[in-house]
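These notes concern the structure reproduced below.
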Amino acid sequence: MIGSPTTADAVAAWPHRYLLDVDHLSRAEIEGCLALAVEMRARREARERMDVLRDEIVGLAFYEPSTRTRVSFELAARALGATTVDLSVAGSSAGKGESLIDTLRTLERTGVTTIVLRHAASGAPYLAARSTGAPIVNAGDGTHAHPTQALLDALTLRDALGELHGRKVAIVGDVAHSRVARSNLHLLPRLGASVWIAGPPAFLAGFQGWPGVRVAADLDEALLDADAVMTLRIQLERAAGGGIPSLAEYAAGWGLTTERLAKARPTAPVLHPGPTNEGVEISAELAASERSLIGRQVMNGVPVRMAVLALVSGAV
Ligand code: NCD
């Protein structure tokens, strides 16, 4: 067993063999996962050996491009002693018309014990969880969910702000097509944050009445006295471009800059899940400034994914 008494108590109750979104997690499970990530982060920084996944083979099935998420899952699995198998979809039978389920079952039969799945179809990891026996971790499905990103965002926000209860977090941009935003809209209110969303109307449709979330009338209302601001890439590959006249007009109206951030609290940090399109949703200057937590988000990706892999595998 890994962990301090509190972490151990929290994770002992972890009942899931999958992580499909954060909405199926209880507050205690979220806290247990974050506590385990903090502990694993410290142990990794101290170069302590952790090999709770030494008998596991983690399959990385990425059907969509990824840099941060794929690399950090791979490093997370290896940091816990697992072997990793990279299913490069371009070079696999998926490119020959094999169904997702057949591909995942093939992975399982070859000995893969946990599957990390990224897919363009919203809901694909749910189908995978029903059709295979291996634990499934959703690494982003369509516009639906990106649970490990939301967990690492929460950890990064807590590192910067402490407890999130009563904190105002503004999420600006293409909320409608963003799986990162949707998972954060579940998680951050659950941790007590008051979340405001802002963007062109086409990017906010359908979020009125979401528990714990306010739709701002304009950017200034969202930013006013915000404790933290998260900005999002426009998901052009998901036809989000139709929601705005042009990227230049979007940048002029909604792009986050140091001047615009002045509406927020004086030290409010800015987050972005990456990849950033500098000059569109965030200025290059702000992205590189001391207010930016973008690098911290990437760094926290590894310990959060270590915790998740350990939990779904039942290894802690
Ligand atoms: C995000 C994704 O793929 O959903 N990136 C990530 O995982 N860090 C966000 C995006 O692509 O805009």
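Here are some conditions: (1) in contact with a strand residue (DSSP E or B) (Cβ under 8 Å, 6 or more places away or on another chain); (2) crowded, with 24+ Cβ neighbours inside 10 Å; (3) part of a helix (DSSP H, G or I). G140 meets all but one. Which one does it not meet?
Among (1) in contact with a strand residue (DSSP E or B) (Cβ under 8 Å, 6 or more places away or on another chain); (2) crowded, with 24+ Cβ neighbours inside 10 Å; (3) part of a helix (DSSP H, G or I), G140 violates only (3).
For the range 252-299, what are the residues that are free of Cβ contacts under 8 Å to residues at least 12 places away in the same chain and within 21 Å of P200 (Cα to Cα)?
A252, E259, A262, E278
Would you call E249 at negative phi and free of Cβ contacts under 8 Å to residues at least 40 places away in the same chain?
Considered against the rule, which asks whether it is at negative phi and free of Cβ contacts under 8 Å to residues at least 40 places away in the same chain, E249 comes out as yes.
Just for the range 21-30: of the residues that are in contact with a helix residue (DSSP H, G or I) (Cβ under 6 Å, 6 or more places away or on another chain) and surrounded by 15 or more Cβ atoms within 10 Å (Cβ to Cβ), which one is nearest to R158 (Cα to Cα)?
Ranking the candidates gives V22 first.
From the list L232, L223, L219, exactly one residue is under 13 Å from V195 (Cα atoms), in contact with a Phe, Trp or Tyr (Cβ under 9 Å, 6 or more places away or on another chain), in the same structural domain as V175 (by TED's automatic domain parsing) and hydrophobic (A, V, I, L, M, F, W, C). Which is it?
L223
Can you tell me which residues in the range 223-242 are more than 16 Å from the ligand (Cβ to nearest atom), open to solvent by 30 Å² or more (accessible area, probe 1.4 Å) and of a type in the set (G, A, S)?
Hit for the range 223-242 is G242, nothing else.
Here are L107, L185, L155, L117: which of them is touching a strand residue (DSSP E or B) at 6+ places or on another chain (Cβ under 6 Å) and not assigned by TED's automatic domain parsing to the domain that holds G81?
Selected residue: L185, the only one of L107, L185, L155, L117 that is touching a strand residue (DSSP E or B) at 6+ places or on another chain (Cβ under 6 Å) and not assigned by TED's automatic domain parsing to the domain that holds G81.
Considering the range 181-204 alone, what residues qualify as being over 23 Å from E29 (Cβ atoms), in contact with a Gly (Cβ under 7 Å, 6 or more places away or on another chain) and either free of Cβ contacts under 8 Å to residues at least 12 places away in the same chain or more than 16 Å from the ligand (Cβ to nearest atom) (or both)?
Of everything in the range 181-204, those that are over 23 Å from E29 (Cβ atoms), in contact with a Gly (Cβ under 7 Å, 6 or more places away or on another chain) and either free of Cβ contacts under 8 Å to residues at least 12 places away in the same chain or more than 16 Å from the ligand (Cβ to nearest atom) (or both) turn out to be P200, A202.
Yes or no: the range 83-91 includes at least one residue that is under 20 Å from the mean Cα position of the chain (by Cα) and of a type in the set (A, V, I, L, M).
no
Give the residue that is surrounded by the fewest Cβ atoms within 10 Å (Cβ to Cβ), with candidates limited to residues of the range 169-180 that are outside any loop (DSSP other than H, G, I, E, B) and near the ligand (Cβ under 9 Å from one of its atoms).
The qualifying residue surrounded by the fewest Cβ atoms within 10 Å (Cβ to Cβ) is R179.
Consider the range 262-316. How many of its residues are part of a loop (DSSP other than H, G, I, E, B) and not small (G, A, S)?
So the count comes out to 16.
Restricting attention to the range 243-265, does a residue exist that is within 13 Å of the ligand (Cβ to nearest atom), under 24 Å from the mean Cα position of the chain (by Cα), open to solvent by less than 60 Å² (accessible area, probe 1.4 Å) and within 22 Å of G142 (Cβ to Cβ)?
no
Of everything in the range 272-301, what is within 16 Å of the ligand (Cβ to nearest atom) and open to solvent by less than 10 Å² (accessible area, probe 1.4 Å)? Give them in sequence order.
Correct list: H272, E281, I282, Q297, N300, G301.
Restricting attention to the range 53-90, and to residues there that are β-branched (V, I, T) and open to solvent by 50 Å² or more (accessible area, probe 1.4 Å), which single residue is farthest from the ligand (Cβ to nearest atom)?
T83
The values are calculated or read from the model by the stated rules, or taken from the named source; none is laboratory data. Note that the structure is a prediction, hence the values are computed from the model and not measured. In this analysis, Cβ positions are derived from the backbone assuming ideal geometry, glycine residues included, and neighbour counts consider all displayed protein chains. Heavy atoms of the whole protein, side chains included, go into the accessibility calculation; ligands, DNA and RNA do not. Shrake-Rupley method; radii C 1.70, N 1.55, O 1.52, S 1.80 Å.
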